[in-house]
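Here's the structure, in structure tokens; my notes come after.
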Amino acid sequence: MCSIILRLTPEGCFIAANRDEMATRAWEPPGEYWPGICGGRDTLAGGTWLALSHAGVMATVLNRTGTLGPAPGKRSRGELPLLALRETSAEAATTAIAKLDAGNYRPFNMVLADARSAWFVRGLGAGQPEATPLPEGVSMITSGEVNDPSLPRIARHLPRFTAARSAEWGALLADSSGERMEKLNIPAAENRGFGTVCASLLTLPRGGAPAHLFAAGPPSTAPFLPVRC
């Protein structure tokens with residue numbers, strides 16, 4: 001269950017993300033593996049969980065509850081951010097994803113953002129994906145709906161991110177406290193090999209160039225370093 005926290009303001013968009021995955025699933029740190037797109041690459045399926053385009057558009061995909069891993073006859077959800085990032089704005093990327101057949105993929109959540117707007121897209125395994133604009137302020141998405149207080153992780157951590165300055169969000173991503181379903185930074189050794197494998201911090205300002213920091217391991221142990229693409 002990955003986590004995305006996003007703050008949208010008139011000055012731009014700030015994003016924090018933890019990627020949760022089986023520790024045995026191989027991946028590569030962010031690079032320009034695709035022309036004009038910089039992101040981490042999943043070695044198994046060749047897609048990405050989060051990427052940033054040279055146009056300043058960010059796209060990320062998360063599994064919905066109970067859908068970890070691939071399934072026969074379904075396309076990899078890791079291709080969805082790459083399809084989205086063919087576009088030059090978050091709004092256009094959202095429109096492109098919303099035209100797809102969600103039945104080709106296992107259920108997914110996506111967050112698409114640039115300096116001016118942010119969008120939540122969910123695919124429920126049939127029909128077309130459903131898109132909703134995210135409002136100004138802080139939004140948190142995991143394996144269900146946006147800011148859903150019935151999800152223990154959101155109930156525990158959304159107020160903390162809302163109260164903190166964006167510059168403090170990296171430290172919040174490292175938090176492993178709380179009950180099992182509340183943990184934001186999941187120790188794989190405590191969860192049958194499934195845990196937080198890396199983390200990202202992105203700033204998409206309305207003035208200036210985007211900034212992308214990446215922790216190549218759990219954010220409690222790996223430092224956030226600049227991504228050069």
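Only the coordinates and a few stated rules stand behind these numbers; no lab work does. Everything numeric here is computed off the predicted structure, so don't read it as measured data. Virtual Cβ from ideal backbone geometry, glycine too; neighbours counted across all protein chains shown.
Details
- Net charge of Cβ neighbours under 11 Å - reference Thr94; Lys, Arg +1; Asp, Glu -1: -3
- If R0 is taken as 30 Å, the Cβ-Cβ distance between Asn191 and Ser89 corresponds to a FRET efficiency of 0.20.
- Region 3-226 - Rg (one decimal) and Dmax (whole number), Cα, Å: 15.9, 45
- Each of Ser53, Ser166 was scored by other Cβ atoms within 10 Å of its Cβ. Listed from fewest to most, they are Ser166, Ser53.
- Straightening the chain between Ala23 and Asn104 buys 26.5 nm, computed as 0.36 nm per residue apart minus the Cα-Cα spacing.
- Stretch gain in nm, segment Ala96-Ser150, where the contour uses 0.36 nm per residue and the Cα spacing is subtracted: 16.4 nm
- Residue-span extension gain [Glu182 to Thr132] - 0.36 nm each, minus C-alpha spacing: 15.5 nm
- For Met110, Met22, order by how many other beta-carbon atoms lie within 10 Å, fewest first: Met22, Met110
- Proximal charge balance of Ala118 [Cβ under 11 Å; K/R count +1, D/E count -1]: -1
- The modelled label-to-label distance for the pair Thr221/Leu68, using points 7 Å beyond Cα in the direction of Cβ, is 1.8 nm.
- Charge sum, other residues only, whose C-beta stays under 14 Å from Arg25's C-beta, Lys/Arg counted +1 and Asp/Glu -1: 0
- Spin-label pair Ala163/Leu44, simplified geometry with 7 Å Cα→Cβ offset, distance in nm: 3.8 nm
- Length-normalised contact order for the chain - Cα pairs under 8 Å, 6+ apart - percent: 23 percent
- Ranked Leu213, Leu151, criterion: other C-beta atoms within 10 Å, fewest first: Leu213, Leu151
- Exposed loop sites here mean GluC sites (Glu not before Pro) with a DSSP loop assignment and at most 16 other beta-carbon atoms within 10 Å; the chain contains its longest site-free run at 12-135.
- About the Cα centre, charge dipole magnitude for the chain (Lys/Arg +1, Asp/Glu -1 at Cβ), debye: 240 debye
- Reducing region 18-40 and region 47-114 to their Cα centroids gives an inter-centroid distance of 14 Å.
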